[in-house]
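Engineer: First the structure, which I've put down as structure tokens, then a few questions once you've had a look.
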Amino acid sequence: FSFRKLWAFTGPGFLMSIAYLDPGNIESDLQSGAVAGFKLLWVLMLATTIGLLLQRLAARLGVVTGLHLAEVCNRQYQKVPRIILWLMVELAIIGSDMQEVIGSAIAINLLSVGKIPLWGGVLITIADTFMFLFLDKYGLRKLEAFFGFLITIMALTFGYEYITVKPNQEKLLKGLFIPYCQNCGTAQLEQAVGIVGAVIMPHNMYLHSALVKSRQVNRANKREVQEANKYFFIESCIALFVSFIINIFVVTVFAEAFFEKTNADVNDVCMNASSPHSSLFPNNNQTLEVDIYKGGVVLGCYFGPAALYIWAIGILAAGQSSTMTGTYSGQFVMEGFLNLRWSRFARVLLTRSIAITPTLFVAIFQDVEHLTGMNDFLNVLMSLQLPFALIPVLTFTSLPSVMNDFANGL
């Protein structure tokens, strides 16, 4: 083992792990905490573990074959299943992009104290997504360092909320290691399915299989291929462990502070704190429903304005980083399935347009205060799209004709 070699292979796994920290994930985390308390932490841990195993398979495919998953699908499948797979993956990318872009827009709205509307935040996010094109000119390592910086911001901001709220550690450990869901109903089940869809993203397997190609590996040398697989797996373990800790921060903050709270409870606290957002929570005994926007507001009411702004900065970092990796996913998928050979700018413009158009419509016609149901729907949509990425990954990595000596035994 060599730390120098691990450092050389570090980068693709952290870019991949950003999909585990996008605004859709954060919203799923806070909703599961508010709806089920600490009871669904074991689902989050299992989903992350399964995600790691699938990402390992995707990375192995890229390392061994020198092709990413979309390219292998293009070569191995007939026209009809290939087009169906492409459409399903594009649908997953569009759903993910909607969460990421709207998450960034909500963060911008919170930071501007409501002065920038949701559609304005979407337009800003669309424009600054192209920033990665300029970053890319300075080399991949600098781009990877920038993503590392954004992950650090998320760790610090959500870690601050965790330290401020001080969740019960005994309940946290019980929730992680004992699979239970006492007194759970439809709402908790929906959150459990949403966690799986938010954590294991179908297009992320296409992304990871492409990112590992950025490292030079002599595929004629079996030892070099084994070494690359080993270091990419170690890096993925570290990256997903970091993302898992950040997700735990969010779940436990909302589980501790807002589980079984009613609208009236929050309304009283917000009124006492002279919050301008008190009207968000009607004075009734219905259970509190939170999303990224309301989550920031209730944190501000309970723990001061600093908690709200720090929350918004974390969401903005999550949204900005994941929109860029989503752009990469769209690029690789379209390039692989359709065999497109366009300039990078033209490819980014097309893939962004496909994903951004429905997002802009939602932002124009939907109020920032009423987006809770949309994220639940999109997370369940992600769960339904999973087989369209799982079947190719599991199939190709078990075929000796594709993987040679590195085919899986199972």
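The values are calculated or read from the model by the stated rules, or taken from the named source; none is laboratory data. Quick caveat, the model's predicted, so the values are computed rather than measured. Ideal geometry is used to build each Cβ from the backbone, glycine not excepted, and the neighbour counts take in all protein chains shown. Heads up: the accessible areas ignore ligands, DNA and RNA and are worked out on the full protein's heavy atoms, side chains in. Shrake-Rupley method; radii C 1.70, N 1.55, O 1.52, S 1.80 Å.
Engineer: For region 186-278, run through the GluC sites (Glu not before Pro) and keep only the ones in DSSP coil with at most 16 other Cβ atoms within 10 Å of their Cβ.
Structural biologist: The qualifying sites are E260.
Engineer: Here's something else I'd like to know. What's the FRET efficiency of T395 with F241 using the Cβ-Cβ distance as r and R₀ = 35 Å, to the nearest 0.05?
Structural biologist: In this case the efficiency is close to 0.80.
Engineer: May I pose another question? Could you work out the percent of alpha carbon pairs in region 120-243 separated by over 17 Å, rounded to a whole number?
Structural biologist: Roughly 77 percent, rounded to a whole number.
Engineer: Take N168 and F149, extend 7 Å from each Cα along the Cα→Cβ direction, and tell me the distance between the two endpoints in nm.
Structural biologist: For N168 paired with F149, the spin-label model returns 4.1 nm.
Engineer: Still on this structure: What nm distance separates the two modelled labels at V113 and N272, each placed 7 Å from Cα along Cα→Cβ?
Structural biologist: Inter-label distance under the simple model: 2.4 nm.
Engineer: Mean projection of the alpha-carbon convex hull of region 195-354 over all orientations, in nm²?
Structural biologist: 13.1 nm²
Engineer: Based on DSSP H runs of at least 4 residues, each adding -39500 (n - 2.57), what is the mean residue ellipticity at 222 nm of the chain after dividing by all its residues, to the nearest 500 deg cm²/dmol?
Structural biologist: Taken over the chain, the calculation gives -25500 deg cm²/dmol.
Engineer: Moving on. Can you tell me the Rg and the Dmax, both Å, for the Cα atoms in region 21-128?
Structural biologist: 18.5, 52
Engineer: Tell me, in nm to one decimal, what length is gained between W7 and W342 on full extension, where the rule is 0.36 nm per residue of separation less the Cα-Cα distance?
Structural biologist: Extending this stretch completely gives an extra 117.4 nm.
Engineer: Could you work out the mean projected area of the convex hull around the alpha carbons of region 268-349, in square nanometres to one decimal?
Structural biologist: 7.9 nm²
Engineer: Looking at the square roots a ≥ b ≥ c of the eigenvalues of the Cα gyration tensor of region 1-65, which shape do they give, rounded for a/c under 1.5, prolate if a/b is larger than b/c, or oblate?
Structural biologist: Judged from the Cα gyration tensor, region 1-65 comes out prolate (a/c at least 1.5, a/b above b/c).
Engineer: Of K79/K222; K5/K222; K261/K294; K79/K230; K174/K261; K39/K230, which ones are farther than 23 Å apart at the Cα?
Structural biologist: K79/K222; K79/K230; K39/K230
Engineer: Using only the alpha-carbon atoms of the chain as identical scatterers, what base-10 log of I(q)/I(0) does the Debye formula give at q = 0.06, 0.07 Å⁻¹?
Structural biologist: Per q value, in the given order, log10 I(q)/I(0) is -0.23, -0.32.
Engineer: Calculate how large, on average over all directions, the projected area of the Cα convex hull of region 141-214 is; give the answer in nm² to one decimal.
Structural biologist: Approximately 7.5 nm², given one-decimal rounding.
Engineer: To the nearest 10 square angstrom, what accessible area does W86 show with a 1.4 Å probe?
Structural biologist: Approximately 50 Å² of W86 is accessible to the 1.4 Å probe.
Engineer: Using a 7 Å offset from the Cα along the Cα-to-Cβ direction at both Q76 and L176, what is the distance between the two label points in nm, to one decimal?
Structural biologist: Modelled inter-label distance: 3.6 nm.
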